[in-house]
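The values are calculated or read from the model by the stated rules, or taken from the named source; none is laboratory data. Quick caveat: nothing in here was measured; it's all calculated off a predicted structure. Glycine gets a Cβ as well: all are built from the backbone with ideal geometry, and neighbour counts include every protein chain shown. To get the accessible areas, we keep the full protein, side chains included, count just its heavy atoms, and leave off ligands, DNA and RNA. Shrake-Rupley method; radii C 1.70, N 1.55, O 1.52, S 1.80 Å.
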Amino acid sequence: MTTIDHGAIGYAGPDVRYRTCPFTGRRIERSAELLIRANAVAAVVFLAVGGFFGLLVALTRWPAVQLLPAEWFYLVLTGHGANVLLFWIVFFEIAVLYFAATVLLGSRLATPRWAWLGFGLMIIGAVMANYAVLNGDSTVMFTSYPPMMAEHWFYLSLIVFAVGALIGVFVFFGTLVVAKDEKTYDGSVPLVTFGAITAAIIAVFTLACGAIILVPTWLWSMGLISGIDTLMYKLVWWGMGHSSQQINVAAHIAIWYAIAAMVVGAKPLSEKVSRFAFLMYILFLQLASAHHLLAEPGMSSSWKIINTSYMMYLAVMASMIHGLTVPGAIEAAQRRNGYTRGMFEWLTKAPWGNPAFSGMFMSLVMFGFLGGITGVILGTEQLNVLMHNTIYVPGHFHATVVAGTTLAFMAMTYLVVPIVFQRDIIWPTLAKWQPYLFGIGAGGISLFMMGAGTLGVPRRHWDISLVDAAHPYEFAPAAYLMMGLNGMSAILAATGGLLFIVLVVASILRGPRLDQPGAKLVFPLHDAGAQAVSEYGSEGSLKIPGTVMLVTIFFLTFILYYFVNWKYLSDLWLFN
C-alpha cells in the first residue's frame, strides 16, 4: 500500500491511499475499492431476493404447479420486477462506473463521502420498496400504472433510490474530471470507460424521467393532487422504464470489451467505429421505449412510425456494430495468440473453462439472437400487434436483461472478486459450470415465454386456463407445453443463480488470499490484458473470417424470423 500526498502536487485534500494490483499492474485507490465492494455486494443481495421471487412467479405460471394464489402472485411479481430490473442492475452498474473511472484510469475517487451518501440512499430506497411490497398494499407491479395506486412509501422509496443512483453517476463524472486534471492516463479514455460514460449519460436521462413522473405520482398517492393522466404517465414512465434497460445495454457491452481484453488480450477492431456505435446509443437508443406504446390510441401514427420505424433502427445498427466488433476483436486476438488454423480454431480453443469468458460469450450470443432480433419485431408497428401484452414481451426482456445483462455482470464478477476483493474464486470446477447452468436456463425462459406469447398467452394473468373468467378461452396444448418448459428452465436458471451467489459469497469470505507473495489466479488473465483494457488502441487487423461467418448466420436468422412473423400477421387478415 502506498500513500500519495496530493498537497505536494498542488491539490488541497486528504492523503489518498493506493495499492498496486499484482495481476493487472493497475493502482487501486482505497475509497474506490471499498465503494466497488459495497455496491457489488448489495447487488448480489438484491439479485438473490429478486431471483427467489422470479422462481415463485415461474412456478405459478406453470399450469401443472400453479404455486401461488392470485393475490400473492401479483405481490411477488411486483417484488421480482423491482429487485432484478432495478436494484440488482443499478447497484452493479454503479460498481462498474467506479471500476471504469478509478481502476482503469488509475485515479482516486472524487468525493468519497458523496459516493457513500448515494450508496446509503440507494440501500434505504431498496429496503423501503421491498417493505412496501411485502406489506401487501403496493401490489401494482413494476410498471405501477394509474389508476392503480400503491402506498406512498413505495413511490418515495423509488425516488430515494433514484436520487442515490444519480449521486453515484455524478461522482463518476467528477472522477473523470479528477483523472483528467491529475493526468492519470494519456490521450483518450479507454473504450471500456467510454462505454461506461455512455451508460452514465443515458442514466441521467433515465433518472430525470423517473423524477418527472414519480414525484407527482407520490403526491397523488398522498392525496395532494387529484389525479394522474394515464397516457402521460405511461409515456414518461417508459422514458425511465425502458431507458433503464439501455443503461444495461451500454454497461454490459462495455463489460464484453473488458472481459475480451483481460482474458484473451483483445483490442477493438476500430476504436473510432466502436465509440461511434456507443454515441448512437446516446442519440437513439432510448427512443425504443416507444414500442411499449404502439397499441395506445392516444399516440399519433406519425409519432409511432418515426420512433419505431426510423430512429430505433439507428440504435439497432449500433448493436449490430458491437455484435461484429466484439467477436471480431476476440478472433483477431486469438489469431495473434497463435490459433490460426481454419475458420474457427480461435473459437474452439477459446478459454471456455474460464467463467468470465464463457459467461461473456453466451451473453453476447443470446443478447443478439434472442434479445436483438425479437426487439426489432416488437419495435415494428404492424408486427407489434401480434405480441403486444402477451408473455412474449417479458420473454424478450428476459433475453436482454437476464440472458444478456445479468449473465455479463455475473461474468465480470469473476474478475472483480480477485482484483478488488483480493480473493480468488473458490471451487473452480463449480465456477466453470455456473455460467452454463444459468445461461441455458435463462435462454430457455426467453424462448419458451416468446413461444407461448406467439400463441397468445397473456403477459400478466396468473392462470392461463382462465377458469374463473366471465368469457373463458382455451389455449392450444402447445401453450401449456411452453409454460411448463418455461418453469423447468426457471428452475435451471435459479440453480445457476444460487450457485453464483454461493460462489461469490464463499470466495469473498473464504477464497484463497491473493495479497500474499507468489499468489496465482485460478483463472489467469492474459499477459497483455491490463494494457489492452486500459489504453486507447485498435487491433489493426480485419482478418476475421470466422466472425464474418457468424454474423452471416445471424443476419440469415434475422431475415427468416422477420418474414415468418409477417407471414404470421398475414394469416390474421381474413378476407371473405
Self-check item: Any hit, the stretch 210-222, residues being without any contact (Cβ under 8 Å) to a residue 40 or more places away in the chain, of a type outside the set (Val, Ile, Thr) and either on the phi < 0 side of the Ramachandran plot or outside any helix (DSSP H, G or I) (or both)
Solution: yes
Quiz item: Which residue pairs have Cβ atoms under 6 Å apart, sit 6 or more places apart or on different chains, and have a first residue in the stretch 506-519 that is surrounded by 10 or more Cβ atoms within 10 Å (Cβ to Cβ) and a second that is basic (Lys, Arg)?
Solution: 507/423; 508/423; 511/423
Quiz item: Of the numbered conditions (1) open to solvent by 30 Å² or more (accessible area, probe 1.4 Å); (2) in contact with a helix residue (DSSP H, G or I) (Cβ under 8 Å, 6 or more places away or on another chain); (3) under 19 Å from residue 492 (Cβ atoms); (4) of a type in the set (Ser, Thr, Tyr), residue 446 satisfies every one except a single condition; which is it?
Solution: (1)
Self-check item: Every residue from the stretch 560-575 that is open to solvent by 90 Å² or more (accessible area, probe 1.4 Å) and of a type in the set (A, V, I, L, M)
Solution: 560, 572, 574
Quiz item: Among (1) surrounded by fewer than 11 Cβ atoms within 10 Å (Cβ to Cβ); (2) within 18 Å of residue 27 (Cα to Cα); (3) not acidic (Asp, Glu), which single condition is residue 540 missing?
Solution: (2)
Practice problem: Answer yes if at least one residue in the stretch 478-488 is at pLDDT 95 or above and over 30 Å from the mean Cα position of the chain (by Cα), and no otherwise. | Solution: yes
Quiz item: Looking at 306, 321, which one is of a type in the set (A, V, I, L, M, F, W, C), open to solvent by 10 Å² or more (accessible area, probe 1.4 Å) and within 24 Å of the chain's Cα centre (by Cα)?
Solution: 321
Quiz item: Within the stretch 56-73, is there a residue that is in contact with a helix residue (DSSP H, G or I) (Cβ under 9 Å, 6 or more places away or on another chain), more than 23 Å from residue 132 (Cβ to Cβ), not hydrophobic (A, V, I, L, M, F, W, C) and not in a helix (DSSP H, G or I)?
Solution: yes
Self-check item: Members of the stretch 324-351 found to be open to solvent by 70 Å² or more (accessible area, probe 1.4 Å), of a type outside the set (D, E, K, R) and free of Cβ contacts under 8 Å to residues at least 12 places away in the same chain, listed by number
Solution: 339, 340, 348
Quiz item: In the stretch 330-341, is there at least one residue being under 30 Å from residue 91 (Cα atoms) and either in a helix (DSSP H, G or I) or hydroxyl-bearing (Ser, Thr, Tyr) (or both)?
Solution: yes
Exercise. Among what's in the stretch 543-556 and is in a helix (DSSP H, G or I) and touching a residue at least 40 places away in the same chain (Cβ under 8 Å), pick the residue that is most open to solvent (accessible area, probe 1.4 Å).
Key: 549
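Can you pull out every residue in the stretch 49-84 that is of a type in the set (Val, Ile, Thr) and buried (at least 20 other Cβ atoms within 10 Å of the Cβ)?
Step one: filter the stretch 49-84 for residues of a type in the set (Val, Ile, Thr), giving 49, 57, 60, 65, 76, 78, 84.
Within the stretch 49-84, 57, 60, 76, 78, 84 meet the criteria.
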Quiz prompt | Checklist (1) assigned to a loop (DSSP other than H, G, I, E, B); (2) free of Cβ contacts under 8 Å to residues at least 60 places away in the same chain applied to residue 160, failing item | solution = (1)
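Could you look through the stretch 522-537, keep only residues that are open to solvent by 30 Å² or more (accessible area, probe 1.4 Å) and either more than 25 Å from the chain's Cα centre (by Cα) or not aliphatic (A, V, I, L, M) (or both), and pick out the one that is farthest from residue 275 (Cα to Cα)? Steps first, answer last, please.
Initial filter on the stretch 522-537 (open to solvent by 30 Å² or more (accessible area, probe 1.4 Å)): 522, 524-528, 531, 535-536.
Restricting the remaining residues to those that are either more than 25 Å from the chain's Cα centre (by Cα) or not aliphatic (A, V, I, L, M) (or both) gives 522, 524, 526-528, 531, 535-536.
Working: 522: 33, 524: 28, 526: 24, 527: 25, 528: 22, 531: 18, 535: 14, 536: 11 Å.
The qualifying residue farthest from residue 275 (Cα to Cα) is 522.
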